[in-house]
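Quick notes on the structure that follows.
The values are calculated or read from the model by the stated rules, or taken from the named source; none is laboratory data. As the structure is a computational prediction, the values presented were derived from the model and not from experiment. Quick reminder, even Gly has a Cβ in these numbers, built from the backbone with ideal geometry, and neighbours come from all protein chains shown. Quick note on the areas: whole protein, heavy atoms, side chains included, nothing else; ligands and nucleic acids left out. Shrake-Rupley method; radii C 1.70, N 1.55, O 1.52, S 1.80 Å.
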Amino acid sequence: MSTMMKALRFVGDLDDDFYKDERQRDVWNEASAVGFQLAYWIALIAAAILPWVAGRTGAWISFGLIIGWFVCSMAVLRYAQVHDVDVYASMKGLDPRVLVAGSVYVIAPIGVVAQLMARPGEGIATWAGGGVGALIGLTAAVLGVKRHQRRAALRDEADELL
């Protein structure tokens, strides 16, 4: 077992007796996944908002959150890969949740770069705000189209059953 895997097992406390009971382990794994995703979303949303509301200081904090988010993502993907699990195998197209997360993830670096490149006293609300607005609008449009397609498919399925 590699040093990284040993470290991840230690961080996850995976050798604890707690994991011997299967139901307890399953519920704990689900609860951990919920907590992990919640922490991910909080970090992602904070990284997207901070450059806009807290200026240059917020941009640096956002930059740190993005790096932390990325490192955790890579650790999760690598852990699964080492255990022969393809996390992308069950993906069927672009899920709305992935689209929203991707859009929020893109907003964060836009704010960081805009804030750190702006001269002191110069606002970033013009061109960078327009870019973020366009991204949000595009995401909303794609989500609307996907929702419409899903509802149409459900209607078609219901019609076929009759």
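Key figures for this structure:
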item: Surface share of carbon and sulfur [accessible, 1.4 angstrom probe, percent] for the range 1-76; result: 70
item: Heavy-atom accessible area per residue - the chain, 1.4 Å, Å²; result: 70
item: From the coordinates shown, Cα extents along the principal axes in Å corresponds to which of (i) 44, 38, 27; (ii) 59, 51, 30; (iii) 58, 57, 23; result: (iii)
item: Per-peptide average of other Cβ atoms within 10 Å, ordering 40-53, 147-160, 75-88 highest first; result: 40-53, 75-88, 147-160
item: Span-rule helices in the chain, defined as complete DSSP H runs reaching 20 Å or more along the axis (Cα) with Kyte mean at least -0.5; result: 22-82, 96-117, 127-161
item: Dipole magnitude (debye, nearest 20) for the chain, charges at Cβ of Lys, Arg, Asp, Glu; result: 680
item: Summed side-chain charge close to His148 - residues other than His148 whose Cβ falls under 14 Å, Lys, Arg +1, Asp, Glu -1; result: +4
item: Where a label projected 7 Å from the Cα of Arg25 along Cα→Cβ would reach, residues of the range 1-18 with amide N under 20 Å; result: 1-2, 5-18
